[in-house]
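Structure first, commentary second.
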Amino acid sequence: YVGYRAGYDAAFLTPVRVGYLVADIHQLAFFVAYYEGFYEEEGIRPIRLEYVNGPAEMLAFAAGDLDAGYVGVVPALISKSKGTDFVIVASANLEGSAIVAKPEIKTVQDLNGKIVGTPGIGTIQASLLFMVEEKFGIRVEPKHYSGPTGLPLDFEKGIIDAYIAWEPFVAEAVVKGLGDVIYTSHDILPSHQCCVFYVSGKIFREQPEMAKKLIKIHLRAMKYIEERPNDAMAIFANRTGKSPDVVQESWERMIWDYHLNTTSMKTFVSFLIQQDKIQSTDVPNIDEFINNAIDKQFLAEVETNDP
């Protein structure tokens, strides 16, 4: 049966290379769609490619390794400003990040001068940390990692005083009793765009029906999460090795919405220009840049045809 299945998939299903981030509950829609067989039902054979953080995924996409994927909006926007050819077609989640700190650190102001870890330069979490510094007039000593997996480990060892990460890596420290959440991404920028779903410009322009199929799969998975949260959490826990307690803790900070929050995307671009992560010469007009980076029409069509 396994041999027959592999042969059938190779012969009759269209391969699509889909990127996603390691154990990122923000991208739960991918896990649901992949393990529930939603891709195959649309005639697609998903080839999954996992990355340590968003900048790494965007580099892989720019190199031609991906057809579609899930990624944080900040690395997506940075990459887009450099001319990378993809289109953001839906949201994967809003919010979902937080700062966890040692018990003796009670407030954001207490982070001044402290060592704070991030999942990497160019990630949405690094950008959110900069926004916190600007808001409170503090300066931390950032320690940028290649992905989130080392953050809870070094936090436990005392190498860093706090860290900001995507869930469920914050929840891991909370459940273990290593620290407390002192500020969430909701506190930083309410209902901000976090992870997005994108497709290559080539597929978007030359294979619009394929793009719509991918969006349909994404929306189906997002509705599954809303309607069957316990099943969705179980899929994530089983497939990533994260404990159910950790997944449940992280759930409290998630917003599942497949509609893009473009206002927050423009806010991120402004801060990224301020940080020199995006060059103002590459993005002379923020509104036009965001309008060119996204498409809402395909999503609206899919919603209409498959409510």
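The values are calculated or read from the model by the stated rules, or taken from the named source; none is laboratory data. The structure displayed is predicted, hence computed values, not measured ones. Positions of Cβ are backbone-derived with ideal geometry, glycine not excepted, and every protein chain shown enters the neighbour counts. For accessibility, only protein heavy atoms count, side chains too; no ligands or nucleic acids. Shrake-Rupley method; radii C 1.70, N 1.55, O 1.52, S 1.80 Å.
Which one of the conditions (1) surrounded by 22 or more Cβ atoms within 10 Å (Cβ to Cβ); (2) more than 17 Å from His26 (Cβ to Cβ) does Lys157 fail to meet, given that it meets all the rest?
(1)
Would you check which residues across region 276-285 are open to solvent by less than 40 Å² (accessible area, probe 1.4 Å) and within 21 Å of the chain's Cα centre (by Cα) and list them? So that I can check it myself, show each step before the final result.
As a first pass, look at region 276-285 and keep what is open to solvent by less than 40 Å² (accessible area, probe 1.4 Å): 278, 283.
Correct list: Ile278 only.
Go through region 32-47 and count every residue that is touching a Phe, Trp or Tyr at 6+ places or on another chain (Cβ under 9 Å), open to solvent by 20 Å² or more (accessible area, probe 1.4 Å) and not in a helix (DSSP H, G or I).
Residues meeting the conditions: 3.
Could you check Ser191 against (1) open to solvent by less than 40 Å² (accessible area, probe 1.4 Å); (2) at positive phi; (3) hydroxyl-bearing (Ser, Thr, Tyr) and say which number it fails?
(1)
Would you confirm whether or not region 123-135 contains a residue that is in contact with a Gly (Cβ under 7 Å, 6 or more places away or on another chain), in a loop (DSSP other than H, G, I, E, B) and either under 22 Å from Val73 (Cα atoms) or open to solvent by 40 Å² or more (accessible area, probe 1.4 Å) (or both)?
So far as region 123-135 goes, yes, one or more of its residues are in contact with a Gly (Cβ under 7 Å, 6 or more places away or on another chain), in a loop (DSSP other than H, G, I, E, B) and either under 22 Å from Val73 (Cα atoms) or open to solvent by 40 Å² or more (accessible area, probe 1.4 Å) (or both).
Find all pairs meeting these conditions: Cβ atoms under 9 angstrom apart; at least six residues apart or on different chains; first residue within region 171-191 and closer than 16 Å to Asp161 by Cβ and aromatic (Phe, Trp, Tyr); second residue open to solvent by 30 Å² or more (accessible area, probe 1.4 Å) and assigned to a loop (DSSP other than H, G, I, E, B).
Listed by first residue and then by second, the contacts come to Tyr183/Thr107.
Restricting attention to region 99-122, report how many residues are within 15 Å of Ile78 (Cβ to Cβ) and free of Cβ contacts under 8 Å to residues at least 40 places away in the same chain. Spell out the reasoning first.
Within region 99-122, the subset within 15 Å of Ile78 (Cβ to Cβ) is 118-122.
Narrowing the set further to residues that are free of Cβ contacts under 8 Å to residues at least 40 places away in the same chain leaves none.
Of the residues in that region, 0 qualify.
Identify, from the list Gly64, Gly120, Gly113, Gly83, the residue that is open to solvent by less than 30 Å² (accessible area, probe 1.4 Å) and either modelled with pLDDT of 95 or more or hydrophobic (A, V, I, L, M, F, W, C) (or both).
Working: Gly64 fails: open to solvent by less than 30 Å² (accessible area, probe 1.4 Å); Gly113 fails: open to solvent by less than 30 Å² (accessible area, probe 1.4 Å); Gly83 fails: open to solvent by less than 30 Å² (accessible area, probe 1.4 Å).
Just a single option satisfies the conditions, and that option is Gly120.
Quick check on Glu50: is it in a loop (DSSP other than H, G, I, E, B), open to solvent by 10 Å² or more (accessible area, probe 1.4 Å) and farther than 30 Å from Thr281 by Cβ?
Considered against the rule, which asks whether it is in a loop (DSSP other than H, G, I, E, B), open to solvent by 10 Å² or more (accessible area, probe 1.4 Å) and farther than 30 Å from Thr281 by Cβ, Glu50 comes out as no.
Looking at Tyr224, Tyr163, which one is at pLDDT 95 or above, open to solvent by 10 Å² or more (accessible area, probe 1.4 Å) and under 19 Å from the mean Cα position of the chain (by Cα)?
On the way: Tyr163 fails: open to solvent by 10 Å² or more (accessible area, probe 1.4 Å).
The match here is Tyr224.
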